[in-house]
Structures are given as C-alpha cells and as structure tokens.
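Taking it in order: structure first as structure tokens, then the write-up.
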Amino acid sequence: MKTTLKTLPKSSAELTIELSVEEVQPYLEKAARKISQSLKIPGFRKGRAPYDIVKQRVGEAEILKEAVELIVPENCFKAVGEKNLEIVAQPKVDILKMAPGNPFVFKATLALLPKVKIGDYKKIKIKRPKIEIKDEQVEKVLDDLRKMRAKETLVKREAKKGDRVIIDIDMFLNKVPLEGGQSKGATIILGDSYFIPELDKKILGMKEGETREFNLQYKDDFYDKKIAGKLVGFKVKLNSVYQIELPELNDEFAKNLGHFKDLSNLKEQIKNNLETEEKMKNEQRLELEMLEKIVSITEFDEIPDALIEKEVEKMVFELKDSVERQGLKYIDYLTQLKKSEQDLRKDFTQPAKKRVKTALIIREIGLQEKVNASEEEIEQEINNILRMYPNNEEMKKQVATPNYRIYLNNLIINKKTIDLLKEQIIEE
C-alpha cells in the first residue's frame, strides 16, 4: 500500500491511498464469497463457489464494486494509524481509480484533531465566594409552600390584591390588533409580578363580566422588540375572581408537609436545601469561569468545520430531548420560536465552537497531567447506571459494548481533569 499525505487548511488533511493488483485480490475473493451466498450455482453450496465461477456469473466489475466496501474502511484507517493522525469525523472518500486488473486508488479527506498550546493555566486563581442564605430566601420558599396549599373560593365582588382572576386579553398597537396579542382565559394573581408590566394594577377593582380599556407603556429594553418602548392598548374582560386563603404558618403547617417536627425544623431544612442548591450553582459558575479563562490563554489551530458541525448536532439533540421530556413537540417549539432548524443550527455555531475549544483544553490538560480512568472506576460507573435502570434490558446491552466503555473512560477522565484544575485554580 502506498500513501501520500497532503496538509489542508482548517486542521484537515488529504490521504491518497493506492493498493496494487496483488493487494486488491484478497478483497475480491472475500467479495466473491459474499456474492455467492445469494447465488444459486449448480454443484456448489451457497458461499462455496470458486472465485472464477462467481466472476463468470456476475463479472469482475461487480465483484470489485462489492470489494470497495471492504477495501476502503480497512485501508483508510490503517493509513491513518501509520501516519499517526487523530481524526475527529468520518473520512470523506473519493474513488480515483477502480478498474479490473488495475491498482485501486482512493482519496480520503480527513478532519484532524486541532493542536492546542495552553498558557500557564496554573497561574490563574479564582476565589470561591462564601455562600450565605438570607432569611428572606427562606421566607420566599415558605410563602410559595403556603400558596401551593391555598384554598380558593369563587367570589362575586371587586378584584383585590392577592386574588386570582381569569381574564381575556386583546392587545393593540396604534389601534390595530397586535399579532399574537390575544389570550383567552389567562390567569393572573393580582400583586404578583407578571410579564406584562402594570397589568395587574389596572385590573384591581374590576368585577365579573366587566371590560376595561387602557394603555400601558413598555420599557425600551422589553424582550419583545415589536412593542419595546411603545404605548400598547389593552382591552381586558374579567371572567371570574377567586379569593385565595393561605394556611397559617405554624407548627401544624410544618407537620402536614411531611417529616418535620415543627416550623423551626422546616425552616432549617429549607435553609439546608437552599445552601446545597446554591453550592451546586456556584460550582457550575466557578467551573465555567475557570475554563473560559484557560480558553482565553490558549492558542488553537484552526478548528475543522466537521468538528463544529458534530457539536451543533449534539446541541440540537440535547435541545430536542429537553423539549420532549417536558411533554412538548419539537416542531411546535420551533414554530413558537419562529425559527427553522436551519436557523437554530446557525445560532448554535458559535456556542458549539466554544464548547469544542473547552473540550480540547480539557483533553490536552488531561494528557499533560497523565489523568486516566481505571477499570475499577469504569466498572463502578457501569454498576451505578445499572442500579438506576434495573429492569432496562436495552441499557444492559448498551453498557456491555466496547464503545460505551470508551465513552465512560473519556467521561471519567474529563471529570477527574476538571476536579484537578479546580484544586489548582480555585481558592477558598
């Protein structure tokens, strides 16, 4: 086998691979045996007919066509290994010469793992902030718990602060109905913040069946640019008013929630939960800041498009999975965003490039620091997964595959590398 390597822009390369007639022959014989399995040839069992007999029946060109499926992947990856290349996507293959009795020549265009040169990341220092849960945060949770257990009563009176009202809304811009500005049966708690500013204040004092018309001035930084900074007309009909009665905040309330001795015990548990949640958020923020700082002092070879496209594909899959887990349809979600999937992929390009750079520095530092994953650690991860899905036969098959072990190996190395970086960079 002869190989010629040509370097291309964007961390890409081109491998031209040539196999002699003698090197091609074993692949032709394998291909002929495969073809003969689907042929009825008198005097021979399926898959047992000699090469020359099969060639007479289907022609050498047909055998060569079948042999390509064997020749290309085996020799392409063999050449990649010989040239010590690290590829990040499936090679793009073009056949340059394919004819019976001639050498077989093909070209593989490869997306290569970009080289990175990391600065002195150990000089980076980030201070871990202290976590302090304030009484107001605990009170907010208690207030939410009371609202969840509130009693509602339909009342025939004017709407007051704290009531839940059901309304129909029609919005206008320059007296013309606003596209998407109609809502039937909308629910508002009067006094709670609402995405339409000051709307609840305009409803105070309304009665069932009453309609009011008024204008609201939107701020310049409002998220919907169609109405940001504009005066919007409203026509609101109030359908019903519900009085909300909150339970008294006492020891009995705490006991009714579960295994709490009294109100003091409930507050203590809420504070602990808030601390745990804040610690997790804090670690995520610190990790992100740390990795961004390392990226900023790193020099990257040009990143191949295939690597970015692969990350975009992953981000689209993650979004689709998240949307569907919430019981929504992905296509409806895109319609709501007023975007096509192509628009979404375009939006994801820069974040995907950032994610690729982050992955590259974690990989490089893992290699520099000689971080590895032991067989025991991989087995432990597999056991953890199987405990989470005890009756899932498909998951049992998946974790038993070599590819899944490679995935877990990389996952463990990444986690250990990040933990090592946090030890070196983040200070108490």
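By the scheme Lys and Arg +1, Asp and Glu -1, what is the net charge of all other residues having a beta-carbon under 13 Å from that of Glu313?
-1
Can you tell me the 0 to 90 degree angle between the C-alpha axis of helix 305-325 and the longest principal axis of the chain, rounded to 10?
40
Cut-off 10 angstrom, C-alpha nodes, Gaussian network model of the chain. Which of Val21, Val312, Val371 fluctuates the most?
Largest GNM mean-square fluctuation: Val21.
Cα axis of helix 263-296 to longest principal axis of the chain: angle in degrees, 0 to 90, nearest 10?
Helix 263-296 and the main axis of the chain meet at about 40 degrees.
Neighbouring Cβ atoms within 10 Å as the yardstick, rank Leu110, Leu5, Leu307, Leu199 fewest first. Write down the numbers at each step before the final one.
Details: Leu110 25, Leu5 14, Leu307 22, Leu199 18.
Exposure proxy ranking, most exposed first: Leu5, Leu199, Leu307, Leu110.
Enumerate the amide H contacts of Ser11 below 5 Å, restricted to partners 5 or more residues apart or on another chain; note that Pro and chain-start residues carry no placed amide H.
Those lying under 5 Å, H to H, from Ser11 are Glu302.
Which residue, Tyr333, Gln424, Ser374, has the largest displacement toward the positive end of the dipole of the range 303-427 when charges sit on each Cβ (Lys, Arg +1; Asp, Glu -1)?
Tyr333
Under unit Cβ charges (Lys, Arg +1; Asp, Glu -1), what dipole magnitude, rounded to 20 debye, does the range 2-113 have relative to its Cα centre?
Numbers: 18 positive and 14 negative charges, 83 e Å.
Its charge dipole is roughly 400 debye.
At q = 0.16 Å⁻¹, what base-10 log of I(q)/I(0) does the Debye formula yield for the range 303-427 when every alpha carbon is treated as an equal point scatterer in vacuo?
Result of the Debye calculation: -1.05.
Over all directions, average the projected area of the Cα convex hull of the range 2-113 and note it in nm².
Numbers: hull surface 29.3 nm².
Value for the range 2-113: 7.3 nm².
Calculate the dipole size of the chain relative to its Cα centre from +1 charges on Lys and Arg beta carbons and -1 charges on Asp and Glu beta carbons; express the result in debye to the nearest 20.
Values: 79 positive and 76 negative charges, 197 e Å.
That gives the chain a dipole magnitude of about 940 debye.
Please state the Cα pair-distance histogram of the range 385-428 with 10 angstrom bins from zero: what percent is in each bin?
25, 33, 24, 15, 3
Consider all pairwise Cα distances in the range 141-243 and report the whole-number % of them above 21 Å.
37
Beyond 23 Å between alpha-carbons counts as too far, so tell me which of Lys122/Lys415; Lys147/Lys338; Lys2/Lys83; Lys293/Lys357; Lys147/Lys230 fall in that bin. Write out the running numbers ahead of the final one.
Details: Lys122/Lys415 18 Å; Lys147/Lys338 35 Å; Lys2/Lys83 12 Å; Lys293/Lys357 12 Å; Lys147/Lys230 34 Å.
Where the Cα-Cα span goes over 23 Å, the pairs concerned are Lys147/Lys338; Lys147/Lys230.
Can you compute 3J(HN,Hα) from phi for each residue in the range 118-130, using the Karplus curve 6.51 cos²θ - 1.76 cosθ + 1.60 with θ = phi - 60°, rounded to whole Hz and x for Gly and Pro?
Here the 3J(HN,Hα) series is 8, x, 6, 5, 5, 7, 6, 10, 10, 8, 7, x, 6 Hz.
Could you work out how far helix 402-425 tilts from the main Cα principal axis of the chain, as a 0 to 90 degree angle to the nearest 10?
For 402-425 against the chain, the angle is about 60 degrees.
How big is the charge dipole of the range 151-245 about its Cα centre, in debye rounded to the nearest 20, if each Lys and Arg gets +1 on its Cβ and each Asp and Glu gets -1 on its Cβ?
Numbers: 18 positive and 16 negative charges, 39 e Å.
It comes to approximately 180 debye.
Taking only Cα atoms and a 10 Å spring cutoff, compute GNM fluctuations for the chain and point out the largest among Ala400, Ala108, Ala254.
Per the Cα network of the chain with a 10 Å cutoff, Ala400 tops the list.
Quick one: Cα convex hull volume of the chain, Å³ per residue?
Hull volume normalised by residue count: 280 Å³.
The numbers here are math on the coordinates, done by the rules we state, and not lab data. In this text the structure is predicted, and so the values were computed from the model without any measurement. A quick note on method: Cβ atoms are made from the backbone with ideal geometry, for glycine too, and the neighbour counts reach across all protein chains shown.
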